[in-house]
Amino acid sequence: MNYKTGLKDGIPIALGYLSVSFTFGIMSITCGLSSWQALLISMLTLTSAGQLAAIKIMVNPASYFEMFISQITINVRYAFMGIVLSQKTDSKFKGIWKWLLGFFITDEIFGVASTKENVTRRYLFGLSTLPYFGWALGTLLGTLIGSIVPQFIMNALCLAIYGMFVAIITPAAKSDFKVLIAVIVASIFSIIFFYVPIMNEVPSGIAISISAILAALICAIIFPVKEGVQDE
């Protein structure tokens, strides 16, 4: 597989990223960031949920520890995706190439690359090129539009990113009861952290992390996976 093949496979991902990052750009302007700051975030991080959590923490000043915990919790999945893809990469994936592999991994890029029997350097970077620039371009366009449209329209458009999260969760929750339970448990903890006195004083980044960890722990206890046994 060559660069051109990867470039072609990345077109649908890039189109999707263009719309989602457009919403992130609008949210960035709403939170008080400038266009170049939002663009820099998108070009250096490339993680939708992580970026959303980060700008909220930056706008509502919190500790670096909170930022660290929230980002680790949200983005740790990319480490596992990297491990999986490393089993499919060719012998030329060494040194700096592995670092670049880790940087470009997203849920969608991983989903496409993981279907291939062998992932070459050229194919992966072809697959990543258009999504990367699509994400950056969408962010920039969002900041430019967000600076001229009325506030009530920006508030409405900001809901789109939450719709993206729902769209990601819903198919998995519908097909797997265990995932549905995990979503429900995490949602319950999030509601508790938001409404219950004293607990609602916990910083949002820490609350998200604790909710995710507790949901995973509870589901691991309720639905243990025995060693050597896989779901059909």
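Numbers below:
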quantity	calculated
Per-residue HN-Hα couplings for segment 16-21 [Karplus 6.51, -1.76, 1.60; θ = phi - 60°; Hz; x = Gly/Pro]	x, 5, 4, 6, 5, 5
Two-decimal Rg/Rh across the chain, once Rg and the Kirkwood Rh are taken from alpha-carbon atoms	0.98
Positive-end residue of GLY111, ALA215, LEU101, charge dipole of the chain with Cβ unit charges	LEU101
Under 5 Å, built H, 5+ apart or other chain: amide partners of VAL119	THR89, ASP90
Under the Karplus curve 6.51 cos²θ - 1.76 cosθ + 1.60, θ = phi - 60°, whole-Hz ³J(HN,Hα) for segment 113-120, x wherever Gly or Pro sits	5, 5, 7, 8, 6, 9, 10, 8
Gain on full stretching of the segment that runs from ILE11 to ALA79 - 0.36 nm per residue minus C-alpha separation	22.1 nm
Karplus-derived 3J(HN,Hα), 6.51/-1.76/1.60, for each residue of segment 31-38, Hz, glycine and proline x	7, x, 7, 8, 4, 5, 5, 4
Helix-only CD estimate at 222 nm, as mean residue ellipticity for the chain, using -39500 (n - 2.57) per DSSP H run (n ≥ 4)	-24500 deg cm²/dmol
Alpha-carbon radius of gyration plus Dmax, which is the widest Cα pair, for segment 71-141 in Å	12.4, 39
Taking the chain and dividing mean pair separation by its residue count, relative contact order in percent (alpha carbons under 8 Å, at least six apart)	35
Filter on LYS8/LYS92; LYS4/LYS56; LYS88/LYS174; LYS116/LYS174; LYS88/LYS178 - keep pairs with C-alpha separation over 31 Å	LYS4/LYS56
Fluctuation leader among SER28, SER91, SER48 - the chain, Gaussian network, Cα springs under 10 angstrom	SER91
Among ILE41, ILE26, PRO171 the positive-end extreme of the charge dipole of the chain (Cβ point charges)	ILE41
Rounded, prolate or oblate (a/c below 1.5 giving rounded, otherwise prolate when a/b exceeds b/c) for segment 1-106 by Cα gyration tensor	oblate
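Read the figures in this text as sums done on the coordinates, not as results from a lab. This one's a predicted model, so the numbers in the text were calculated from it and none came from an experiment. When we count neighbours, we look across all protein chains shown, and the Cβ atoms used for this are built from the backbone with ideal geometry, even at glycine.
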